[in-house]
1. Using r as the Cβ-Cβ distance of ARG58 and GLU32, and R0 as 41 Å, what FRET efficiency do you calculate, to the nearest 0.05?
2. With every atom except the alpha carbons ignored, what do you get for Rg and Dmax of segment 37-138, in angstroms?
3. Using modelled amide H (1.01 Å from N, peptide plane; none on Pro or chain starts), what sits under 5 Å from the amide H of GLY96, excluding residues fewer than 5 places away?
4. Using a simple charge model, +1 on the beta-carbon of Lys and Arg, -1 on the beta-carbon of Asp and Glu, nothing else, what dipole does segment 28-96 show about its Cα centre, in debye to the nearest 20?
5. Only four residue types carry charge here, +1 at the Cβ of Lys and Arg and -1 at the Cβ of Asp and Glu. Report the dipole size of segment 37-138 about the Cα centre in Debye, rounded to the nearest 20.
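Each value in this text was obtained by applying a stated rule to the coordinates, not by laboratory testing. Everything numeric in this text was worked out from a predicted model, so none of it was measured. Cβ: placed from backbone, ideal geometry, glycine included. Neighbour counts: every protein chain shown.
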Amino acid sequence: MSTAHSDPLRPPGPGNEPAAGAGAHFSTTRGEFLLWTGVLGPAVAWTVQMVIGYALARFSHEHRWLTGVHHGASLVSTLAAIACGWVAWREWRRIGGGAPRGSEGDVPGRRRFLAALGILCGLFFTVVIIAQWVPTFFLDPAWY
């Protein structure tokens, strides 16, 4: 008779514990910086893409080459948001994966929460950047 494991995000078996030295990594400035990069980086990438898009929209009708600059800024912003989400995923795996739990201790719970939040922010802002990029393909710059 086997019992089902209750946490689908953390399957049973070896290798799902925090990596060796994970506590030391997250107590350093670099570890904290990587966690916050995963959370705030995608929002910064979206903000840069949106500001560049608004700045170029006024002049895109007279100077069609600016549409290419807008595409380039959107591509770089999309890649930056994906990279920040990947950093958060890597840090989530380093802490051992799994869902944040309310019964977890203060520092490990915060680390796990920030890593999971960074993954969600990376996914969300990647979709938002692409959603703002799509009209550039279909709308004439004279319309905006």
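1. 0.55
2. Cα-based Rg and Dmax for segment 37-138 come out at 16.9, 59 Å.
3. Residues meeting the amide H criterion: ALA19.
4. With Lys and Arg at +1 and Asp and Glu at -1, about 160 debye.
5. Details: 9 positive and 4 negative charges, 50 e Å.
Here the size comes out at about 240 debye.
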